[in-house]
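The values are calculated or read from the model by the stated rules, or taken from the named source; none is laboratory data. Predicted, not measured: the structure shown is a model, and the values here were computed from it. All Cβ positions, glycine included, derive from the backbone under ideal geometry; neighbour counts span all protein chains shown.
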Amino acid sequence: MTFVTRLTLQSGDRAALDGIVDDIKSTAERKGAALKGPHSHPPETRSIPQHSRLHADDDRRFSTWEYTIFTRELEIHGHDNLARNIASQSFPDSVHIEAEVEQIHGAGRGN
């Protein structure tokens with residue numbers, strides 16, 4: 001049975017995100033791991049309203065705060081220790097990482 005680890009990395013800092021993805025790619029290549037990706041998603045722009053007062057009756061607002069989120073997705077097939085080490089690394093606060101592990105059964109096997 002094989003494990004597939006899907007890493008989703010998100011950040012508003014595109015340079016930091018691409019640097020981390022490049023580090024993961026080079027580590028996987030050195031270890032001989034089967035790596036798919038990085039798959040880039042379209043940038044997502046978020047718009048957040050900002051109230052100028054905390055009082056509920058005050059409708060005055062500052063201009064809307066807008067920021068962009070960049071997303072990259074990678075898949076590591078097998079190499080469980082490598083995937084575990086990458087997912088447990090400390091990343092900059094500007095980068096968010098999610099790890100999803102899926103178990104793949106071989107052909108002809110039951111549940």
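Below, the figures for the structure above:
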item: Cβ-Cβ under 8 Å pairs, at least 6 apart or on other chains, the range 31-51 side of a type in the set (Lys, Arg), far side surrounded by fewer than 10 Cβ atoms within 10 Å (Cβ to Cβ); result: ARG46/GLU66
item: Tally, over the range 1-33, of residues that are of a type in the set (Lys, Arg) and under 20 Å from PRO92 (Cβ atoms); result: 2
item: Selected residue [among the acidic types (Asp, Glu) and surrounded by 11 or more Cβ atoms within 10 Å (Cβ to Cβ)] from GLU102, GLU73; result: GLU73
item: Subset of the range 41-83 (residues that are under 21 Å from GLN103 (Cβ atoms) and of a type in the set (A, V, I, L, M)); result: LEU74, ILE76, LEU82, ALA83
item: Selection within the range 34-76 - under 21 Å from SER90 (Cα atoms) and hydrophobic (A, V, I, L, M, F, W, C); result: LEU35, ILE69, PHE70, LEU74, ILE76
item: Subset of the range 15-72 [touching a strand residue (DSSP E or B) at 6+ places or on another chain (Cβ under 9 Å), part of a helix (DSSP H, G or I) and among the β-branched types (Val, Ile, Thr)]; result: ILE20, VAL21, ILE24
item: Test: PRO38 is modelled with pLDDT of 90 or more, more than 14 Å from HIS96 (Cβ to Cβ) and either acidic (Asp, Glu) or touching a Leu at 6+ places or on another chain (Cβ under 9 Å) (or both); result: yes
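To keep it simple, each residue is scored yes or no on (1) modelled with pLDDT of 90 or more; (2) more than 14 Å from the chain's Cα centre (by Cα); (3) hydroxyl-bearing (Ser, Thr, Tyr); (4) closer than 20 Å to THR2 by Cβ.
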| site | (1), (2), (3), (4) |
| --- | --- |
| GLY12 | yes, no, no, no |
| ASP18 | yes, no, no, no |
| GLU29 | no, yes, no, yes |
| ILE48 | no, yes, no, no |
| ALA99 | no, no, no, yes |
